[in-house]
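First the structure, in the form of structure tokens, and then the observations on it.
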Amino acid sequence: EIGLLSDLLTLSLFNNTMTGPLPDELGLLSNLQTLWLEQNSFSGIVPNGVCALVDSDVLTSLYADCNEITCPCCTYCCVDGEGCNPTLFG
């Protein structure tokens, strides 16, 4: 149902101790510019739809714990206690 929030610009899930895979519906957030995922315990891979938003330059800031989740399109990889560093996408 989160995919219905098509006008959402920023989504911060930072430090919520969330677990499990990210929902594919995040890729439906067609105007999302910033997505904060770090300091959770997500698993799996960032959905293709989210990476498509990065590839189309809509989603310009995607932060995640790259050592916990596979994120081929993250613009910032974060490590707990060490901050976030830009990636090749950033």
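The values are calculated or read from the model by the stated rules, or taken from the named source; none is laboratory data. These figures come from a predicted structure and were not determined experimentally. In case anyone asks, the SASA skips ligands and DNA or RNA and just uses the protein heavy atoms, side chains included. Shrake-Rupley method; radii C 1.70, N 1.55, O 1.52, S 1.80 Å.
Eigenvalues of the Cα gyration tensor times 5, then square-rooted: what semi-axes does that give for the stretch 1-52, in whole angstrom, largest first?
The equivalent ellipsoid of the stretch 1-52 has semi-axes of 18, 13, 9 Å.
How large is the accessible surface per residue of the chain, computed with a 1.4 Å probe and reported in Å² as a whole number? Before the final figure, lay out each step's value.
On the way: 5050 Å² over 90 residues.
With the other protein chains kept in place, the chain gives 56 Å² per residue.
What number, rounded to the nearest 500 deg cm²/dmol, is the helix-based mean residue ellipticity at 222 nm of the chain, given -39500 (n - 2.57) per DSSP H run of at least four residues and division by all its residues? If you can, show how the numbers build up before the last one.
Working: 1 runs with 8 residues, N = 90.
After summing the helix terms and dividing by residue count, I get -2500 deg cm²/dmol.
List the relative contact order of the chain as a percent without decimals, with contacts defined as Cα pairs under 8 Å and 6+ residues apart.
Numbers: 206 pairs, mean separation 21.1, N = 90.
Reported relative contact order: 23 percent.
Give me D for the chain in µm² s⁻¹, whole number, from Stokes-Einstein with Rh from the Kirkwood sum over alpha-carbon pairs, 4 °C and 1.567 mPa s. Before the final figure, lay out the partial values.
On the way: Rh = 12.7 Å.
The diffusion coefficient I find is 102 µm²/s.
Of all the accessible heavy-atom surface of the chain, with the other protein chains kept in place and a 1.4 Å probe, what percent is carbon and sulfur?
On the way: 2650 of 5050 Å².
That share works out to 52 percent.
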